Amino acid sequence: MHRTHTVIDSPVGPLTLVADGGTLTAVYMEQQRHRPAEETFGERDPSPLVFGQVAEQLGEYFAGERTEFTLPLAPRGTAFQRTVWDALCDIPYGETLSYGQLAERIGRPGAARAVGLANGRNPISIVVPCHRVIGSTGQLTGYGGGIERKRHLLDFERGALAPLGGSGGATLW
């Protein structure tokens, strides 16, 4: 596979998009926990052929025009992590689940802590909505991009923040 990356602007700061053979493998925020070293992202390629659809869909999301993503994804992780990440995509826009509820959804009711660890390792931020998972008491708990970004994304999805005008929420640099 040929790994490439680009950086786009967004309301939550620059996002680094990484693809392998044209398929999205990562969306990293600046100073994100578990963000790998930049030299692992491959060559920089702002080509619309590789990243145009991702930037377009993120732009629509931040403009309030898109509530789910339809992108081919190939996150790298263990079988358990991928099961958790797949389940994250089933949490509806603007809604939240606790780690325990997510563990129950995947048929592992005693694995809330393991679900939390897998959630924290999600390499495709926003598109795979790990920000929609909260603590059992309803509190915002750890988020790889930081609690303020998590709060921003949840407030945005609940309509507490105005979307950006048009589809200009994410632009290629």
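The values are calculated or read from the model by the stated rules, or taken from the named source; none is laboratory data. The model shown is predicted, which means the values in this text are computed figures rather than measured ones. Positions of Cβ are backbone-derived with ideal geometry, glycine not excepted, and every protein chain shown enters the neighbour counts.
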(request) Give the stretch 44-90 a look and list any residue that's closer than 26 Å to residue 115 by Cα, in a loop (DSSP other than H, G, I, E, B) and among the charged types (D, E, K, R), or say none. (result) 68, 76, 90
(message) With the requirement that a residue be exposed (fewer than 14 other Cβ atoms within 10 Å of the Cβ) and farther than 13 Å from residue 153 by Cβ, what does the stretch 66-75 give you?
(response) 68, 70, 72
(message) Among the residues of the stretch 119-155, what is the count of those that are in contact with a strand residue (DSSP E or B) (Cβ under 9 Å, 6 or more places away or on another chain) and either outside any loop (DSSP other than H, G, I, E, B) or assigned by TED's automatic domain parsing to the domain that holds residue 15 (or both)?
(response) 9
(message) I'd like to verify a number: residues in the stretch 131-173 that are at pLDDT below 85, of a type outside the set (A, V, I, L, M), under 20 Å from residue 7 (Cβ atoms) and surrounded by 15 or more Cβ atoms within 10 Å (Cβ to Cβ), how many?
(response) 5
(message) If I go through the stretch 86-115 residue by residue, how many of them are closer than 21 Å to residue 73 by Cβ, out of contact with any Phe, Trp or Tyr (no Cβ under 8 Å at 6 or more places or on another chain) and of a type in the set (A, V, I, L, M)?
(response) 6
(request) Return the total of residues in the stretch 97-130 being within 27 Å of residue 15 (Cα to Cα) and surrounded by 19 or more Cβ atoms within 10 Å (Cβ to Cβ). (result) 17
